[in-house]
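Please read the structure below before turning to the comments.
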Amino acid sequence: MEIVKKKTNIKILKKVFVVIFGTILLTLSAKIKIPFYPVPMTMQTFVVLFMGLAFGWRIGLLTISLYLIEGIMGLPVFAGTPEKGIGFIYFTGPTMGYLIGFLTATFLAGYMNFQNNIFINFAKLTLCVSTIYIFGIIWLGILIGWDKPLLQLGVIPFLLAELFKILLLTFLANKIIKLKKII
């Protein structure tokens, strides 16, 4: 009985470590800006999808949730923090919809069954990342008004960078999924 208890404790500790490591990875991906056209690129959406693929939807959602809670509580984990503010005030700003979309993207990436077909994997990853932009545009419309050019402000500048990240994940997906067995 004690051996089973120790194995369970080790499994729980491993998952806690993975969740904390995931929030650190996501924070780093938000802070590092890569020169890209037309706007600088962060690797946040790459890491969000990576977590779903590598950790599965449960651990992925737990990781994203902890990340959001850290940011809402005032830790400077989001892109643009602390320069542009921190905490709940920053969270409810223009990026809130995108941050909420991280949850759906991670869930879908972890829930979907990825195969060896790169075209199908590309389509699935595109669907996953699209949810980030759908929630982002909805919140942006609520925040700044539906009469504004929301696609030009909140989607189009990021499309080229997203295409790059989705392509990268498409070719790495089958290798990343193997990480689930370790966890």
Next item on the list: Would you please put 41-51, 145-155 in order of how densely packed they are, using the mean number of other Cβ atoms within 10 angstrom per residue and starting with the highest?
Entry: 41-51, 145-155
Notebook entry, point to check: Between L28 and F88, what is the spin-label point distance in nm, taking each point 7 Å from the Cα along the Cα→C-beta axis?
Noted result: 3.2 nm
Next item on the list: Just list whichever of K15/K181; K14/K124; K31/K178; K15/K84; K124/K165; K15/K165 have alpha carbons separated by over 22 Å in the model shown.
Entry: K14/K124; K31/K178; K15/K84; K15/K165
Next item on the list: Grab the DSSP H runs of the chain that are 4 residues or longer, score each as -39,500 (n - 2.57), total them, divide by all residues and round the 222 nm result to the nearest 500 deg cm²/dmol.
Entry: -24500 deg cm²/dmol
Item checked: Sequence ranges 71-78, 100-107, ranked by mean other-Cβ count within 10 angstrom, highest first -> 100-107, 71-78
Notebook entry, point to check: What helices does the chain have that are whole DSSP H segments, at least 30 Å long along their own axis by Cα, and with mean Kyte-Doolittle hydropathy of 1.0 or more?
Noted result: 118-144
Margin query: If a paramagnetic tag sat 7 Å from the Cα of L163 along the Cα-Cβ line, which residues of segment 93-127 would have the backbone N under 17 Å from that point?
Written below: 119, 122-127
Checklist line | Mean separation of Cα contacts under 8 Å (6+ apart) over length of segment 2-181, as relative contact order % | finding: 25 percent
Check: How much net charge surrounds G52 when only other residues with a Cβ under 14 Å from its Cβ are counted (Lys, Arg +1; Asp, Glu -1)?
Finding: +4
Notebook entry, point to check: Can you pull the percent of Cα pairs in the chain with separation above 28 Å?
Noted result: 25 percent
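No value in this document is a laboratory result; all are computed from the given coordinates. The structure presented is a predicted model; accordingly, all values stated were derived computationally and were not measured. With ideal geometry, Cβ positions are generated from the backbone for all residues, glycine too; neighbour counts draw on all protein chains shown.
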